Amino acid sequence: MTPAYTFAHWLTQTYIGREMQGNAYLFPTVEALHIMGSAALVGSTSILSLRLAGLFLTDVPVSKVAKQFLPWAWLGFAFQVITGTLLFMSEATQAYDNVIFQVKMALIVLAGINALVFQQTVYRRVATWDASNPPFGAKFAGYASIVVWFAVIAAGRWLNSSVANAPMPPPPV
Ligand code: HEM
């Protein structure tokens, strides 16, 4: 048994892990909140990304759209980390080495890198293109953000069915 598996099994045996498995209402409630968090995070980042791509709200300065929607994106992200961790704790032994879960986590990191690179490069010069047609770097960041976040949602949905059909592994000896 690997240390990762032993840790995953420990997570499922914690009070929270057991409650998430044993309480008929808790898991679906947390999953519903996880879907709502997706709407807040991916909804707000998509509106900003469509503005960056020059496809939506083109008469509103980019900095104004960012100021309005980034707080919702951060709130949604925090929500996803909390609800996602609770979901993970209920099925950690089935999820930790699941390729779809690993791809989903890698996509979330990629979305973060895309946002960080954008903020540290093109967005630093936003005053020069704020109310006009965004430069290539901004458009690229916008399109990449939309593709990656929708891939995260697709991976989450796929994970739901993949974990549900996965056999429960034996406890570590
Ligand atoms: C940050 C952005 C995230 C988004 C947009 C997202 C989105 C989703 C979606 C749409 C689902 C499918 C829900 C369903 O069909 O019922 C899902 C499932 C899941 N997510 Fe996330 N998620 C995110 C982050 C996380 C994180 C950080 C974790 C863990 C640390 C996580 C763990 C899970 C698990 C374990 C499931 C499967 C639950 C099940 O078996 O039904 N998610 N996610």
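The values are calculated or read from the model by the stated rules, or taken from the named source; none is laboratory data. Every value quoted in this text rests on a predicted model; they were computed, and no experiment measured them. Cβ placement follows ideal geometry from the backbone for every residue including glycine, while neighbour counts extend to all protein chains displayed. SASA here: full protein model, heavy atoms, side chains in, ligands and nucleic acids out. Shrake-Rupley method; radii C 1.70, N 1.55, O 1.52, S 1.80 Å.
Please specify each residue of region 1-11 satisfying the condition of being surrounded by fewer than 18 Cβ atoms within 10 Å (Cβ to Cβ) and in a helix (DSSP H, G or I). Outline the logic, then answer.
Initially, region 1-11 is screened for residues surrounded by fewer than 18 Cβ atoms within 10 Å (Cβ to Cβ), giving 1-7, 10.
Correct list: Pro3, Ala4, Tyr5, Thr6, Phe7, Trp10.
Checking each residue in region 12-51 for being open to solvent by less than 30 Å² (accessible area, probe 1.4 Å) and part of a loop (DSSP other than H, G, I, E, B) picks out only Thr14.
For region 4-59, residues that are small (Gly, Ala, Ser), more than 10 Å from the ligand (Cβ to nearest atom) and more than 30 Å from Val126 (Cβ to Cβ) total 5. Among residues of region 105-164 being charged (D, E, K, R) and in contact (Cβ under 8 Å) with a residue 24 or more places away in the chain, the one that is nearest to the ligand (Cβ to nearest atom) is Lys139.
Scan region 53-62 and tell me whether some residue there is open to solvent by 50 Å² or more (accessible area, probe 1.4 Å) and part of a helix (DSSP H, G or I).
No, region 53-62 contains no residue that is open to solvent by 50 Å² or more (accessible area, probe 1.4 Å) and part of a helix (DSSP H, G or I).
The condition of being of a type in the set (D, E, K, R) and closer than 29 Å to Asn160 by Cβ does not hold for Asp130.
Of the helices (runs of 4 or more DSSP H) that lie entirely inside region 86-167, those containing 1 or more residues that are basic (Lys, Arg) and open to solvent by 20 Å² or more (accessible area, probe 1.4 Å) span 99-120, 136-165.
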